[in-house]
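Read-outs: derived from the displayed coordinates by stated rules, not from any lab. These figures come from a predicted structure and were not determined experimentally. Cβ coordinates were reconstructed from backbone atoms using ideal geometry, including for glycine residues, and neighbour counts include every protein chain displayed.
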Amino acid sequence: MEIGTDIEKISRFRLKKTDKFIENSFTGNEIAYSFKKTKPEEHLCGFFCAKEALLKTISPNNISLNSMEIIHDKKGKPEIKLLNGNNKGAKFKVSISHSDDYAIAVVAMTKNGKK
Ligand SMILES: CC(C)(COP(=O)(O)OP(=O)(O)OC[C@H]1O[C@@H](n2cnc3c(N)ncnc32)[C@H](O)[C@@H]1OP(=O)(O)O)[C@@H](O)C(=O)NCCC(=O)NCCS
């Protein structure tokens, strides 16, 4: 089992939809999901943590942030999915949480790359 985690300050993500950092780091679906919420920055920050956490589990980690996507099931439970490359379509377990100031995420992956 490989695990990865990341924590980031939410205020860093208080940006416009069209900001280059937002466009380069998130997919259209993630941007749409977050900007429907009262505090988009909380969700963007949690997604960013999830992506960084996934990079910590993968080696070599030359995957770009917007070539992975956080998706949610009907209950709101997230997973992280690879959109490109040899492992396109692979999904990994992720847990995300936000408080007032910080968001955190943990990703888990088995050695053979399956969730
Ligand atoms: C999911 C739950 C734990 C979130 O707790 P919270 O303290 O309000 O919020 P947190 O900041 O810790 O976590 C929010 C993140 O939890 C995740 N989450 C949401 N629903 C989830 C679920 N059913 N299972 C696991 N994770 C979930 C999401 O990633 C969410 O962030 P995102 O929308 O930006 O991706 C809480 O709503 C709960 O206990 N729900 C019960 C399960 C359920 O299905 N409830 C339906 C509503 S009645």
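What to note about this one:
- The aspartates and glutamates whose alpha-carbon is closer than 19 Å to the alpha-carbon of Lys16, local same-chain residues fewer than 8 away aside, are Glu8, Glu30, Glu41, Glu42, Asp101.
- Pairs from the list Lys37/Lys93; Lys51/Lys81; Lys37/Lys75; Lys37/Lys77; Lys17/Lys88; Lys9/Lys39 with a Cα-Cα gap above 21 Å: Lys37/Lys93; Lys17/Lys88.
- The Rg/Rh ratio for segment 1-100 is 0.93, where Rg is the radius of gyration of the alpha carbons and Rh is the Kirkwood radius.
- For the pair Asn84 and Ser64, label points projected 7 Å from Cα toward Cβ lie 0.4 nm apart.
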